[in-house]
Amino acid sequence: MNNEKENRLAVLTEKAALWVVGVLSALIAFFLSAVSLLHTTAVEVVGEGEGVYNVVWDIKERLESVIYYNDNFILNLIVLGAGMLLLFLLIAKVKKVPLRTLQIALFVWTFLLGTVWVLSSQTCPSEDSYTVTAAAREFAENNFDRLTNGQYFKNYPFQLGYVLFNEGVFRFIELFTHPDTVMVLEVMNAFFLAMINVLLLSIGAKLFKDHRVDLVTTVLLALSAAPVIDCVFTYGLFPGMAFALLAVYLELKWLIDNKPLCSIGAAASIAFAIMLKSNYLIWMIALVLVWIVKIPARKKYVMDVLFLTGTVVLSLCVQPTVKRFYEKRANYELGDSIPYSSWIAMGLSETDLAPGWYNIYITVFNFEQSDFNAEEAGRRSTELIKERLRYFRENPQYTNDFFYRKIVSQWNETSYQSIWNNTVRLQYKDKNAFAHWVCYEGERPVKRYIDCYSQLVFFCFFLSTLYLLKKKKFLFSMLPVVFLGGFFYQLISEGKAQYIIPYFMIMSGYAAFGAVCFYDFAASRIRPDSPLGKLCAARYPAAADTAEAAADNNGADADGTAEDPEAAEDNTEAAADTAAENPEEATGEIREPAGAEPEKTEAPKETGKKPSGKKRTNSKKGAKK
């Protein structure tokens with residue numbers, strides 16, 4: 001009796017969590033998709049005398065000027081429809097390609113493309129990225145002047161994790177040569193981007209088990225231009241994301257395949273990602289939340305509590321440990337740093353760029369005016385937060401406009417400042433003709449391609465969130481949980497489009513699931529002899545096989561845990577209804593639905609005899625109860 005109650009609790013917990021994640025993700029994804037068809041944001045360099053101030057435009061003369069453009073909605077709809085049609089053609093014609101082949105091809109393509117871009121652009125670090133890379137080279141030579149005589153690492157000690165990583169890279173390289181540039185870090189970005197794409201493909205394959213999803217994921221990731229162009233930005237985003245995604249994959253391996261050693265790798269990977277970039281604390285929280293939801297179903301309470309405790313402690317201690325490590329090496333105390341409440345206060349305040357974007361007065365100047373006392377700076381920031389929340393509450397229309405513009409300024413800048421990063425920074429030498437065209441003469445068409453690609457990704461990700469609710473498999477929500485964490489974090493913290501790119505890559509990797517599910521839905525409703533049916537070779541799974549697959553899969557989730565019995569009954573009845581309504585088409589080309597386990601045995605041949613042990617459901621008589 002107790003075991004039955006525990007199973008029921010596990011089912012209800014996962015079901016409730018799935019609906020929360022699914023509904024929130026679907027609402028946000030629909031908003032992003034709709035807005036992308038209406039507006040596009042751009043971050044551009046606007047020189048002196050080039051600003052425009054009138055009823056329509058408010059273009060400021062800045063090195064980093066945020067501009068809001070209105071798009072042609074009808075044209076965007078037509079292009080989106082063409083993109084979906086191309087995906088339908090790909091899904092219809094696809095033949096099964098081994099996953100390993102796709103992984104190798106995607107890795108090689110991404111790494112070569114990223115490396116070619118880095119060598120073509122010849123962009124070198126500047127501002128913060130210059131400070132952290134220059135410090136790493138100096139620390140590798142045991143020169144700590146930048147740490148002891150400057151204020152940068154006192155204000156931002158969280159940057160020391162990426163410095164330590166780069167220092168290790170430089171120490172290794174200097175065993176063989178003494179490079180004059182840090183371009184090796186940009187080439188490593190291309191390597192980590194290739195690793196990111198392969199991990200996204202592998203996570204999708206682990207969850208959905210559909211070769212069509214694998215191929216569409218490969219194509220979508222291979223066509224994504226903004227991350228490749230952003231390889232020149234050495235700021236820890238790509239290395240950190242690679243290890244964060246590795247943690248996601250290893251956690252799935254433990255939950256699905258029950259491999260305990262993967263839990264240790266997941267904890268170490270997410271801690272290393274946080275060391276490189278503190279923003280990946282959001283990913284750690286997402287992993288922990290998913291694990292907590294799975295605890296009732298797993299019933300391994302001691303092991304799970306140990307894993308969760310170890311992951312949280314390791315993640316929270318890694319950056320303070322790096323700080324103490326450098327303080328000991330330099331024999332110097334860094335002291336207090338800017339409190340995190342200052343970043344929240346900045347994210348809720350107005351700036352010259354866009355709502356919630358960087359404001360030095362709220363962070364650095366506030367810290368200085370507080371005599372570099374973190375407690376006093378935190379108190380002042382908290383007061384500002386309370387003041388802003390009070391103003392938001394009293395002015396709902398202003399609140400709506402503030403957060404609308406903040407969201408659009410980040411998520412709808414679909415190049416995510418990748419081209420901008422290649423134009424405002426210093427150069428090792430002149431760009432070659434290709435990179436020069438992309439960044440200058442061809443900037444408009446390149447951004448137009450990126451924008452159309454993003455609209456397709458947003459729409460397919462929205463479809464994925466809808467089918468997430470329909471499939472009723474909680475682990476399918478792993479990446480949407482991370483997406484939600486990133487969305488709400490960027491909503492209240494510092495706004496900047498370039499920080500959105502990890503979450504956009506997640507959406508790109510997850511979008512194929514929605515595209516394939518939508519194809520299956522459409523194919524079951526398009527007559528094969530219609531023009532669209534002939535073009536896409538539209539076929540849906542035979543009803544008998546759909547019912548059998550539902551019966552096979554409804555007993556267990558993708559992670560091996562019990563699924564809701566009511567959902568199993570609903571799915572089996574739906575398959576039977578499909579057979580009853582479409583008996584003449586029940587013998588169409590068989591394709592497994594996205595997210596279903598593939599058949600492991602061949603379907604029995606039609607011999608006029610009833611197959612033993614199975615009920616026929618491809619007739620009205622057999623389908624009706």
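Hey, any hits in segment 135-142 for a residue that's closer than 16 Å to LYS277 by Cβ, in contact with a helix residue (DSSP H, G or I) (Cβ under 7 Å, 6 or more places away or on another chain), in a helix (DSSP H, G or I) and open to solvent by 30 Å² or more (accessible area, probe 1.4 Å)? No, segment 135-142 has no match at all.
Does ASP336 satisfy the criteria of being acidic (Asp, Glu), buried (at least 17 other Cβ atoms within 10 Å of the Cβ) and over 28 Å from the mean Cα position of the chain (by Cα)? Yes; evaluated as a whole, the condition is true for this residue. The residue that is farthest from SER337 (Cα to Cα), among those in segment 360-396 that are of a type in the set (D, E, K, R) and surrounded by 17 or more Cβ atoms within 10 Å (Cβ to Cβ), is ARG388. Within segment 156-177, if we keep just the residues that are open to solvent by less than 10 Å² (accessible area, probe 1.4 Å) and of a type outside the set (Gly, Ala, Ser), the residue that is nearest to PHE365 (Cα to Cα) turns out to be GLN159.
Taking segment 24-62 as the range and being open to solvent by 70 Å² or more (accessible area, probe 1.4 Å), at pLDDT below 70 and not in a loop (DSSP other than H, G, I, E, B) as the test, the residues that pass are TYR53, ASP58. Looking across ALA345, ALA354, one residue alone is touching a Ser or Thr at 6+ places or on another chain (Cβ under 9 Å) and assigned to a helix (DSSP H, G or I). It is ALA345. When you scan segment 190-204, do you find a residue that is open to solvent by 40 Å² or more (accessible area, probe 1.4 Å), closer than 29 Å to VAL322 by Cα and either aromatic (Phe, Trp, Tyr) or over 16 Å from the mean Cα position of the chain (by Cα) (or both), even just one? Scanning segment 190-204, I find at least one residue that is open to solvent by 40 Å² or more (accessible area, probe 1.4 Å), closer than 29 Å to VAL322 by Cα and either aromatic (Phe, Trp, Tyr) or over 16 Å from the mean Cα position of the chain (by Cα) (or both), so the answer is yes. The sole residue among PHE521, PHE483, PHE504, PHE513 that is open to solvent by 30 Å² or more (accessible area, probe 1.4 Å) and either modelled with pLDDT of 85 or more or outside any helix (DSSP H, G or I) (or both) is PHE521.
Taking (1) buried (at least 24 other Cβ atoms within 10 Å of the Cβ); (2) closer than 25 Å to LYS431 by Cβ; (3) at pLDDT 95 or above; (4) among the small types (Gly, Ala, Ser) in turn, ALA247 satisfies each apart from (2).
Residue count for segment 91-104, restricted to those that are open to solvent by less than 50 Å² (accessible area, probe 1.4 Å), in a helix (DSSP H, G or I) and not small (Gly, Ala, Ser): 3.
Scanning segment 65-103 for residues that are touching a residue at least 24 places away in the same chain (Cβ under 8 Å) and not aliphatic (A, V, I, L, M) yields SER65, TYR68, TYR69, ASN70, ASP71, PHE73, ASN76, GLY83, PHE88, LYS93, LYS96, GLN103. Looking only at residues in segment 417-452 that are open to solvent by 10 Å² or more (accessible area, probe 1.4 Å) and without any contact (Cβ under 8 Å) to a residue 24 or more places away in the chain, the one that is farthest from the chain's Cα centre (by Cα) is ALA433. Within segment 453-476, if we keep just the residues that are more than 20 Å from TRP411 (Cα to Cα) and aromatic (Phe, Trp, Tyr), the residue that is most open to solvent (accessible area, probe 1.4 Å) turns out to be TYR467. Those helices (runs of 4 or more DSSP H) of segment 188-295 in which at least 1 residues are over 24 Å from ALA497 (Cβ atoms), considering only elements entirely within it, cover 211-222, 237-257, 261-276.
The values are calculated or read from the model by the stated rules, or taken from the named source; none is laboratory data. Note that the structure is predicted; figures quoted are calculated from it, not measured. Reconstructed Cβ throughout: ideal geometry from the backbone, glycine too, with neighbour counts over all protein chains shown. Heavy atoms of the whole protein, side chains included, go into the accessibility calculation; ligands, DNA and RNA do not. Shrake-Rupley method; radii C 1.70, N 1.55, O 1.52, S 1.80 Å.
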